[in-house]
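Q: I'd like to ask you about the structure that follows.
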Amino acid sequence: MRRFYVLALSIPLLLVGWVDGGSIPSLPITLSLATAAQIVDGGGTLSFQVDISNDFGADGVKWTLTGPGTLTYPQSTLVSSPKYQTVYNAPTNVASTTSATVTATSVADPTKSAAATITVYPTVVLPALPMGLAPKVGVAFSNTLPGSGGSGPLTYAVISGALPPGLLLSASGVLSGTATAVGAYTVTIQAQDKPLGSTVLGSASQTYTFTVS
């Protein structure tokens with residue numbers, strides 16, 4: 001005698017669509033960006049990734065930009081896709097503080113969007129020193145490097161070469177001291193915009209040759 005068994009399985013189902021002429025409402029799509037406000041210096045870049053829920057068709061988002069700069073998109077992989085990520089590229093030469101807005105809009109439901117505001121600070125610039133600025137042995141010397149741009153005071157450091165013996169460079173860009181040896185000394189100095197302490201928004205470097213007489 002054959003016996004038949006009926007197995008009752010409990011499987012959660014999400015019904016979306018039309019049944020018997022009546023509609024079953026789908027869950028609403030929601031979007032969010034990890035950071036709603038960002039800062040960058042001219043020439044810098046920022047990466048954005050949107051978190052999207054209930055996008056069951058995996059339609060992703062459309063990215064738009066209001067303000068200066070451009071958007072580019074990373075290569076599509078199994079874990080990241082232009083559907084969900086973009087890169088903001090700030091203009092190279094920014095003379096004064098400006099702003100831009102990056103918006104992600106759901107393709108499946110264009111009424112749903114998320115936006116991030118970007119503050120773009122002036123491009124960091126470190127120009128050459130005036131001609132004829134030369135330290136002399138035994139004579140006190142002081143000069144402030146002419147860096148500009150960024151979100152606030154720049155931080156300076158020697159990244160290659162060496163200053164003339166007896167001269168020091170402060171973090172605020174003041175070159176001072178009394179030279180002790182004749183000669184030509186070539187040094188590369190970098191100015192960085194680090195308003196958050198460790199994150200560098202922008203930087204510029206310049207090579208100087210000091211001829212000590």
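Q: Using the Cα gyration tensor of segment 56-188, with a ≥ b ≥ c the square roots of its eigenvalues, what is the shape: rounded (a/c below 1.5), prolate (a/b larger than b/c) or oblate (neither)?
A: Verdict is prolate for segment 56-188.
Q: Could I have the simple spin-label model distance between T186 and A34, label points 7 Å from Cα toward Cβ, reported in nm to one decimal?
A: Rounded to a tenth, the inter-label distance reads 4.1 nm.
Q: Then there is this: For A108 and L196, compute 0.36 nm times the residue count separating them, minus their Cα-Cα distance, and round to one decimal in nm.
A: 27.9 nm
Q: Right, another one. Name the long-range amide H neighbours of I39: under 5 Å, sequence gap of 5 or more, or other chain; modelled H, no Pro or chain starts.
A: Hits under the 5 Å cutoff: T119.
Q: Multiply the residue gap between S176 and A58 by 0.36 nm, knock off their C-alpha separation, and tell me the result in nm, one decimal place.
A: 36.4 nm
Q: What fraction of the Cα pairs in segment 28-121, stated in percent, has a spacing above 20 angstrom?
A: 35 percent
Q: Just to check I understand the Karplus step: with θ = phi - 60° and J = 6.51 cos²θ - 1.76 cosθ + 1.60, what whole-Hz values come out for segment 185-194, glycine and proline as x?
A: 10, 9, 9, 10, 10, 10, 10, 10, 9, 10
Q: Additional query: Could you give me the ³J(HN,Hα) list for segment 114-119, computed from phi with Karplus coefficients 6.51, -1.76, 1.60 and θ = phi - 60°, whole Hz, x at Gly and Pro?
A: Going residue by residue, I get 9, 9, 10, 9, 10, 9 Hz, with x marking Gly and Pro.
Q: Let me ask something additional. For segment 111-213, rounded, prolate or oblate, judged on the Cα gyration tensor with a ≥ b ≥ c (square roots of eigenvalues), a/c < 1.5 rounded, else prolate if a/b > b/c?
A: prolate
Q: On to the next question. What order do you get for F48, F56, F141 when you list them from fewest to most C-beta neighbours inside 10 Å?
A: Arranged by neighbour count, lowest to highest, F48, F56, F141 become F56, F141, F48.
Q: State, as an integer percentage, the relative contact order of segment 140-212 based on alpha-carbon contacts under 8 Å between residues 6 or more apart.
A: 33 percent
Q: Then there is this: If I take every Cα pair under 8 Å that is 6 or more residues apart in segment 35-192, average their sequence separation and divide by the length, what percent do I get for the relative contact order?
A: The normalised contact order for segment 35-192 reaches 21 percent.
Q: A further question on this structure: Given labels modelled 7 Å from the Cα in the Cβ direction, how far is it in nm from L168 to A128?
A: If labels sit at L168 and A128, their model points lie 3.0 nm apart.
Q: Next up: Tabulate in residue order the Karplus-calculated ³J(HN,Hα) for segment 208-213, using 6.51 cos²θ - 1.76 cosθ + 1.60 with θ = phi - 60°, rounded to whole Hz; enter x for Gly and Pro.
A: 10, 10, 9, 9, 8, 10
A short reminder: the numbers here are calculations on the coordinates, not readings from a lab. Keep in mind the model is a prediction, meaning the values are calculated, not measured. Glycine also receives a Cβ, built like all others from the backbone with ideal geometry; neighbour counts cover every protein chain displayed.
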